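Worksheet: the structure to be examined is printed underneath.
Bear in mind these aren't lab numbers, they're just calculated from the coordinates by the rules spelled out. What you are looking at is a predicted structure, and each value in this text was computed from that prediction instead of being measured. Virtual Cβ from ideal backbone geometry, glycine too; neighbours counted across all protein chains shown.
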Amino acid sequence: MVTIIAIMIAILVLDHFINRKLITKLNIEESDLGKTYVNKLHKYGEGILYWTSFIVMIIAISDFKYLRIFIFIGMTVVFAFRTIMKWIYAKENKTYLLSATTCALFILGSVIYGVTTYVNII
């Protein structure tokens, strides 16, 4: 459990610094950063994915310790969906790059968690 918390804190810190750098380098407006949905599919699809991954997180943390990697995979799916929707429908404001960065960090976090946790099982 300590590994998960450490990886999540690292993702949070790296995401903050990388996104701040991207915002200044690519001149992304602060008004575009809010939680704006590009259409109804994006709004409801992201909500369903978010709550599904939240429920999976609770189950994985409390009952199934060997499925804790789905904490990272669930959030990866949420941010990948957000990236795809913003890339298709709102390409001009470049906020999809911020979501893509977060998605990549969660993928990296899942790989690190998998290597540190599941290598000991084998």
*Global form of segment 43-92, assessed from the alpha-carbon gyration tensor, a/c cut-off 1.5*: prolate
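Determine the sum of side-chain charges near Tyr118: Lys and Arg each +1, Asp and Glu each -1, restricted to other residues whose C-beta is under 12 angstrom from that of Tyr118.
Spelling it out: positives minus negatives among the neighbours equals +2.
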*Rounded to the nearest 500, what is the chain's calculated 222 nm mean residue ellipticity when only DSSP H runs of at least 4 contribute -39500 (n - 2.57) each, over all residues?*
-26000 deg cm²/dmol
_Share of pairwise Cα separations in the chain, more than 23 Å, in percent_ = 36
*How would you order 112-119, 71-78, 42-49 from highest to lowest mean count of nearby Cβ atoms within 10 Å?*
71-78, 42-49, 112-119
*Entries of Lys43/Lys65; Lys21/Lys86; Lys40/Lys65; Lys21/Lys43; Lys25/Lys86 with Cα pairs more than 25 Å apart*: Lys43/Lys65; Lys40/Lys65; Lys21/Lys43
*asked:* Running a GNM on the chain with Cα contacts under 10 Å, which residue among Arg68, Arg82, Arg20 ends up with the highest mean-square fluctuation?
replied: Arg20
